[in-house]
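J.: Take a look at this one; I'll ask things after.
The values are calculated or read from the model by the stated rules, or taken from the named source; none is laboratory data. This one's a predicted model, so the numbers in the text were calculated from it and none came from an experiment. Note that we place each Cβ from the backbone using ideal geometry, even for glycine, and neighbour counts take in every protein chain shown. Note: areas computed on protein heavy atoms with side chains; ligands, DNA, RNA excluded. Shrake-Rupley method; radii C 1.70, N 1.55, O 1.52, S 1.80 Å.
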Amino acid sequence: MPSTEATNTGPSLELSPEHEMIVQAARDFAQNEIAPIAPEFDESGDFPLETIRKMGEMGFMGIQVSEEYGGAGMDTMAYVLALEQISKADASHGTIMSVNNSLFCYGIERFGTEEQKQKYLKEVASGQAIGAYSLTEPMSGSDAATMVSKAERKGDVYVINGRKSWVTSGPVADYIVMITMTAPEKGHRGTTAFIIDTDQSGFQVGKKEPKLGIRASATSEIHFEDYECPVANRLGEEGEGFKIAMVVLDAGRIGIAAQALGIAVAAYEDSLQYAREREAFGKKIGQFQGIAFRLADMKTRIEASRLLIYQAALAKEKAAETHARFTLEASMAKLFASETAMFCAHAAVQIHAGLGYSKELPVERYFRDAKITEIYEGTSEIQRLVISRLELGL
Ligand code: CAA
């Protein structure tokens with residue numbers, strides 16, 4: 001039998017005492033408060049508002065935001081470490097946390113005015129309000145620059161009309177960073193970002209998406225009908241929307257990679273335990289090479305994902321002052337970790353066989369939850385496009 005030392009599936013690099021503390025805090029919270037409720041929220045599809053509020057109180061909803069704007073003032077490593085632990089307990093909570101931190105808070109802290117930070121960032125980073133992000137439209141997903149929703153400036157406001165889709169936390173968000181067209185003839189250079197206050201006329205939550213996985217994270221369309229957005233809520237300059245969307249997605253992709261890692265680790269740990277206990281043909285099933293080698297591949301891919309994620313987190317930190325891009329590191333981490341999550345979840349179902357297919361165990365949920373990590377915030381194909389374009393320089 002392997003020693004217990006060799007089966008430690010937590011972060012395997014030496015972490016700083018501060019990082020160790022956040023892992024411990026996130027792990028305790030996730031295992032005590034999230035894991036027990038995950039199955040019922042997966043079943044009902046209800047939004048887990050109570051635990052999300054508690055996560056806000058713990059500082060998990062704005063981990064990297066400076067304390068003056070309501071955040072925990074920690075670094076990207078702390079963020080990915082915490083997100084892995086939360087997602088290991090439940091990927092839905094992980095998604096809500098990732099979008100709040102990366103796609104909303106990071107965008108406002110990086111591109112927002114002082115007034116916007118005081119008004120919106122503080123509330124969202126402290127977890128008192130929920131933030132979301134909206135780029136996709138029904139006919140514009142991977143080819144994000146082809147959006148047709150638009151904003152027209154009329155004096156002190158922009159009048160926004162159109163339909164956006166696949167908005168994580170859309171039905172519950174208080175504020176949304178939304179990208180739309182202000183000058184369609186200019187293509188991606190004619191797009192602009194806005195901070196949308198959802199408690200205002202002209203904004204409506206549309207169709208809620210019935211989903212295969214991450215069912216407790218609310219996802220919906222959002223509709224704008226002559227919505228008047230004050231000029232003061234424009235994020236960045238006119239024409240900068242696409243660039244802001246891409247920079248923010250670079251940060252988001254590191255978050256999704258950490259979420260995927262959490263799912264992969266959960267699938268692996270459950271499989272490992274099962275392979276040690278379950279017997280067939282007079283042996284523990286882990287003694288069969290077909291199972292053992294599968295576990296070896298899971299573990300190796302998990303640790304490789306972890307290194308890519310830590311590399312991306314460090315690249316983002318390094319770029320904090322210079323605003324250099326960390327696109328390559330983020331896309332590689334997201335691509336590898338999401339495919340690892342799917343690989344591990346698939347293997348976990350197979351190792352558990354009938355039980356893996358049953359709702360009695362969380363294994364089938366890992367399988368359903370893992371799939372989205374290869375799709376949202378840029379499909380695996382888009383990540384390969386981004387990586388190869390950067391490498392080829394063509
Ligand atoms: N950082 C900064 N600038 C960037 C950038 C980045 N990462 N990526 C592109 N840009 C800039 C380019 O330099 C270029 O600038 P110029 O205007 O100076 O030329 C401009 O943006 C346009 O770039 P491209 O020519 O590369 O644009 P493209 O049309 O070929 O698209 C793409 C590139 C990578 C395919 C991009 O469209 C993309 O990432 N698509 C996927 C979109 C996506 O991830 N959607 C998910 C939305 S969120 C979600 O899933 C829901 C949720 O709530 C979680």
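J.: With the structure loaded, tell me whether Ala312 is modelled with pLDDT under 95 and on the phi < 0 side of the Ramachandran plot or whether it fails that test.
T.: Criteria not met by Ala312.
J.: Between Ala292, Ala275, Ala280, Ala304, which is more than 24 Å from the chain's Cα centre (by Cα), outside the structural domain of Gln64 (by TED's automatic domain parsing) and touching a residue at least 24 places away in the same chain (Cβ under 8 Å)?
T.: The match here is Ala275.
J.: Would you call Leu212 of a type outside the set (Lys, Arg), open to solvent by 10 Å² or more (accessible area, probe 1.4 Å) and over 17 Å from Val148 (Cα atoms)?
T.: Taking the combined requirement at face value, the residue satisfies it.
J.: Does Ile176 fit the bill of being more than 15 Å from the ligand (Cβ to nearest atom) and under 19 Å from Asp226 (Cα atoms)?
T.: Working: more than 15 Å from the ligand (Cβ to nearest atom): no; under 19 Å from Asp226 (Cα atoms): yes.
The answer is no for Ile176.
J.: Among His346, His352, which is assigned by TED's automatic domain parsing to the domain that holds Ala257, away from the ligand (no atom under 16 Å from the Cβ) and open to solvent by 60 Å² or more (accessible area, probe 1.4 Å)?
T.: When all the criteria are applied, what remains is His346.
J.: Which one of the conditions (1) of a type outside the set (Phe, Trp, Tyr); (2) farther than 26 Å from Lys211 by Cα; (3) in contact (Cβ under 8 Å) with a residue 60 or more places away in the chain; (4) within 16 Å of the ligand (Cβ to nearest atom) does Asn161 fail to meet, given that it meets all the rest?
T.: Asn161 satisfies every listed condition except (4).
J.: For region 368-387, give me the residue count where each residue is more than 17 Å from the chain's Cα centre (by Cα) and either of a type in the set (A, V, I, L, M) or away from the ligand (no atom under 11 Å from the Cβ) (or both).
T.: Final tally of qualifying residues: 3.
J.: Hey, can you tell me all the residues within region 355-394 that are of a type in the set (D, E, K, R), within 27 Å of Asn100 (Cβ to Cβ) and open to solvent by 40 Å² or more (accessible area, probe 1.4 Å)?
T.: Hits for region 355-394 are Lys371, Glu381.
J.: Counting only residues that are open to solvent by 10 Å² or more (accessible area, probe 1.4 Å), give me the helices (runs of 4 or more DSSP H) lying completely in region 53-171 with at least 3 of them.
T.: In region 53-171, the matching helices (runs of 4 or more DSSP H) lie at 107-111.
J.: Could you please give the count of residues in region 324-343 that are free of Cβ contacts under 8 Å to residues at least 60 places away in the same chain and surrounded by fewer than 24 Cβ atoms within 10 Å (Cβ to Cβ)?
T.: Here the count works out to 4.
J.: With within 16 Å of the ligand (Cβ to nearest atom), assigned to a strand (DSSP E or B) and not assigned by TED's automatic domain parsing to the domain that holds Glu84 as the only criterion, which of Glu221, Glu225 stands out? Before you say what the answer is, go through the steps one by one.
T.: Numbers: Glu225 fails: within 16 Å of the ligand (Cβ to nearest atom).
After applying the criteria, what remains is Glu221.
J.: Looking for something small (Gly, Ala, Ser), within 22 Å of the chain's Cα centre (by Cα), at pLDDT below 95 and not assigned by TED's automatic domain parsing to the domain that holds Leu83 - is there at least one such residue anywhere in region 315-323?
T.: Yes, because at least one residue in region 315-323 is small (Gly, Ala, Ser), within 22 Å of the chain's Cα centre (by Cα), at pLDDT below 95 and not assigned by TED's automatic domain parsing to the domain that holds Leu83.
J.: Another question, if that's okay. Could you please find all residues in region 183-203 being in a loop (DSSP other than H, G, I, E, B) and touching a helix residue (DSSP H, G or I) at 6+ places or on another chain (Cβ under 6 Å)? Full working, then the answer.
T.: Residues of region 183-203 that are in a loop (DSSP other than H, G, I, E, B), as a first pass: 183, 198-202.
Answer for region 183-203, where residues must be in a loop (DSSP other than H, G, I, E, B) and touching a helix residue (DSSP H, G or I) at 6+ places or on another chain (Cβ under 6 Å): just Ala183.
J.: In region 245-266, is there at least one residue being open to solvent by 40 Å² or more (accessible area, probe 1.4 Å), outside the structural domain of Ser44 (by TED's automatic domain parsing) and in contact with a Phe, Trp or Tyr (Cβ under 8 Å, 6 or more places away or on another chain)?
T.: Looking for residues that are open to solvent by 40 Å² or more (accessible area, probe 1.4 Å), outside the structural domain of Ser44 (by TED's automatic domain parsing) and in contact with a Phe, Trp or Tyr (Cβ under 8 Å, 6 or more places away or on another chain), one finds none in region 245-266, hence no.
Let's see how each residue does on (1) farther than 21 Å from Arg368 by Cβ; (2) touching a residue at least 24 places away in the same chain (Cβ under 8 Å); (3) assigned to a helix (DSSP H, G or I); (4) more than 16 Å from the ligand (Cβ to nearest atom):
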residue: Gly239; (1), (2), (3), (4): yes, yes, no, no
residue: Ile244; (1), (2), (3), (4): yes, yes, yes, no
residue: Val248; (1), (2), (3), (4): yes, yes, yes, no
residue: Tyr268; (1), (2), (3), (4): no, yes, yes, yes
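J.: Okay, next question. In region 13-27, what count of residues is obtained for those that are open to solvent by less than 70 Å² (accessible area, probe 1.4 Å) and part of a helix (DSSP H, G or I)? I'd like the intermediate steps shown before the answer.
T.: Pass one, region 13-27, residues open to solvent by less than 70 Å² (accessible area, probe 1.4 Å): 15-16, 19, 22-23, 25-26.
Now restrict to residues that are part of a helix (DSSP H, G or I): 19, 22-23, 25-26.
Total meeting the criteria: 5.
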